[in-house]
Structures are given as C-alpha cells and as structure tokens.
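Read through the structure below, which is laid out as structure tokens, and then see the notes.
The values are calculated or read from the model by the stated rules, or taken from the named source; none is laboratory data. Because the structure is a prediction, the values reported are computed rather than measured. Note that we place each Cβ from the backbone using ideal geometry, even for glycine, and neighbour counts take in every protein chain shown.
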Amino acid sequence: MRARRLLPLALLGLALPAAAVEYGKVLPEKSQITFTSRQMGVPVSGKFGRFAAQVAFDPARPEAGKATIEIELASIDAGSAEADEEVVGKNWFQTKAFPSARFVSTSVKPLGGGRYEVRGPLTLRGHTQDVTAPFAFKTDGQLAVLDGTFVLKRLDFGVGQGAWGDTDTVANEVQVGFRFVVAPASPGGAK
Amino acid sequence: MSREHELKAPVSYTPVAIGLHWLVALLIFFAWPMGVYMHDLPLSPQKLQYYAWHKWAGVTVFLLAILRLAWRTSHPAPALPEAMPRWQRQAATGLHHLLYLLILVIPLSGWLMSSAKGFQTVWFGLVPLPDLVGKDKELGELLEEVHEALNFTLLGIVGVHVAAAIKHHLVDRDDVLSRMLPFLRRREN
C-alpha cells in the first residue's frame, strides 16, 4: 500500500532530481559520526555512539538547509578501552563539565556537482569556533545521504591538555567524518 | 690450545654477517624490555612513543632477519671446532635455526596483533604496513599471548646461546665466540 503510494514519487524524483523534497528526519541507526586521529603517524579511527541530529535539507533550496548536531561525548569509541577511558577525562573532553559537543549550521551553500558546504559554530569543551564542512548529497531510494568530512584542530578546542599538547605524538589535525541518512520530512515526502 | 680448521671453511663470519648479528641483537635488547615495560603503563604520550619505537624496532629486526638469511645462503658460516661433540653441533644448529625462526615470527606476530587490535603499524611513522587481519578483539588477545610466549621462548634460547658462547670462550677456549667478536681472537702462532 505504502510502497504503491511512494512509487510515483520515486519516479518523479528520478525524473526531476531537484524536486522539492525536503529531507528532515535523520535515521540515527543508519547515520554515523566518525573521526581519525594520527598517533605517531598511525591513523586511528573511532566514532560516537550517541548523538542527536536535526537536519533539514532540500536540494532545490540548499541555502535554506539547516543542521543542529549534538554529540554525547561519553559515547565515544576511541579505538581501544584505555583510550575510551582517557579521552573522557580532564585532559581531553572532560565530559563531567562538558558532556556534549554541539554544532549549529548558519549557512549552506552549493559547490556544484551534488556537493555542498555547511558552515557554523562548533562548541566543544567550552570553546566555540566556526567550522566548515563540505558534504555530498545523494539519494538512496526515498532517503537522502549526506556524507562529509572536515579537519578539526583539536587544540583550538583545548582537547588534549598537558603532555597531550605534544602534536608530534598525537597530531593536532583530526579528520571528522559524518554520514546522515535522512528521510523526507513529511510522510509521502513531497511538500 | 690447538686450533684446527677445515681447509676451505672460513675462520670467521664475514663483517656483514657480524654487523647484522649485532644490530639485530642490539634491537632485541632494546625492544624486548621495552615491550615488557610499556605494556602496563597508563596511557600517555610516552606510552604511544614506546609502542611506536617497539614496533619500528620489530619491523627492522624482521627486515634484517631476511637480509641475514639471504646473506647466509651465499656466505656459509665458519665450521665448528672439530673437537665439539656431535650432540653439541646438532644442538647448536638446531638452536640457530630456531633463533632465525623466532626473529622472523616474533615481529610477524606483533604486526598481526597490532592490526587485530585496530592499530596499524607505520614503520618510522612513514611506511604503513598493510593490515593483514581486520580489527578483532579475540584475535588480538590471542596474538598477544602468542607474541608473549614466543618472546619468552626467545629469552630462554638467547640465554642458552649466550651461555654456550661464553662456555666456548672460557671453558673450551676455542674460537667459536671470536668468530662473532673478532677482537677476542686469541693471538697465537
């Protein structure tokens, strides 16, 4: 029943890629926030298990796109048990005082070829700085996939205090990746 | 104190073989205690450095071991003293083979363990080694046990190796040790 109702819309979507479909319902179990740091030249990957993401994106009106992401920092998987324990502590995220990181978009602009760029303040460990992240938009059936990365300089946010400030051991640059799978905002998809 | 050598057998190892032997020994004397020490440290930048240095040393030992084997095939070892009993010759040959095997297999087990624990090995922070196994907690723990067991086997065998060399030099008073340490060669004739 539902599939039959959605099929013409899907076909419409194929014919008109810029059809006014606003995607607004993030599917958390299909979405992910990952990162890769470099320790003594070794890339080490991790991810955050829990985050709340509100994304509103319509490829026909990218400038109107909005995102608010709140990451529960203690849900980190930093690659090993001892690293998980260390990074929530006072030298790193200090999650007791700063339990979450928050990003709020202020602008989205198209880069062409299905690519866009989102910009906005990121608040982490009491520091707020603008970050800019390019991302790609793709549709996967009824869903939209927004896939992007940006480089975060951890010391800009005071992440890695004391001896951990040594960037020869743990690089300042952390590659952050995100992938949000977003369903249409209203049932049926079109507005 | 008489020394008899077979006519064609070299008296000493080649300088290259001697250099490689001592380089590998030095790296093991560095990496082995480092491995024991670093393991229980709380996480710190030092710990990450020690792990990196330990792995760099291990990869280097592995590469030098291959070089040594290649060199050995074209440059045979000097003959053992004729006076050595047969069982001792066999034991010496067997232990040497085991040592070669261990200096290949121990770095290999460390490399695989590292991959299984989710940490790639990047030689000198520059040359990434491929991860031959994916991240796998149980495999990582198993390989850790294997790496440890092999290392304590190495410790035991190196102990016998060193004791035998000293015994040859001080008790048998032959030239077995001086083949690897030419400055110890007894002056005679």
Those residues of the stretch B:116-165 that are aromatic (F, W, Y) and part of a helix (DSSP H, G or I) come to a total of 1
Which residue is farthest from A:D166 (Cα to Cα), if the candidates are limited to the stretch A:85-106 and must be surrounded by 15 or more Cβ atoms within 10 Å (Cβ to Cβ) and within 13 Å of chain B (Cβ to nearest Cβ)? A:V88
Top-ranked residue in the stretch A:36-57 [being away from chain B (no Cβ under 14 Å) and in contact (Cβ under 8 Å) with a residue 60 or more places away in the chain; ranked as nearest to the chain's Cα centre (by Cα)]: A:A53
Which ones in the stretch A:110-138 are charged (D, E, K, R) and within 16 Å of the chain's Cα centre (by Cα)? A:R115, A:E117, A:R119, A:D130, A:K138
Filter the stretch B:166-184 down to the residues that are part of a helix (DSSP H, G or I) and in contact with a helix residue (DSSP H, G or I) (Cβ under 9 Å, 6 or more places away or on another chain) and list them by number. B:H169, B:P182, B:L184
Tell me, yes or no, whether the stretch B:171-189 has at least one residue that is under 23 Å from B:V105 (Cβ atoms) and of a type in the set (S, T, Y). no
Considering only strands (runs of 3 or more DSSP E) wholly within the stretch A:85-167, the ones with at least 3 residues that are touching a Lys or Arg at 6+ places or on another chain (Cβ under 9 Å) and within 21 Å of A:A52 (Cα to Cα) are A:115-124, A:127-140, A:143-153
Quick one: is A:A60 at pLDDT 95 or above and either more than 16 Å from A:R154 (Cβ to Cβ) or among the β-branched types (V, I, T) (or both)? no
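Yes/no matrix, rows are residues, columns are (1) more than 14 Å from chain B (Cβ to nearest Cβ); (2) touching a residue at least 24 places away in the same chain (Cβ under 8 Å); (3) buried (at least 20 other Cβ atoms within 10 Å of the Cβ):
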site	(1), (2), (3)
A:L124	yes, yes, yes
A:H127	yes, yes, no
A:A136	yes, no, no
A:Q142	yes, yes, no
Condition set part of a strand (DSSP E or B) and surrounded by 20 or more Cβ atoms within 10 Å (Cβ to Cβ), scope the stretch A:58-84, selection farthest from the other protein chains (Cβ to nearest Cβ): answer is A:A67
Return a yes/no flag: does the stretch B:51-68 have any residue that is farther than 21 Å from B:T121 by Cα, away from chain A (no Cβ under 14 Å) and in contact (Cβ under 8 Å) with a residue 24 or more places away in the chain. yes
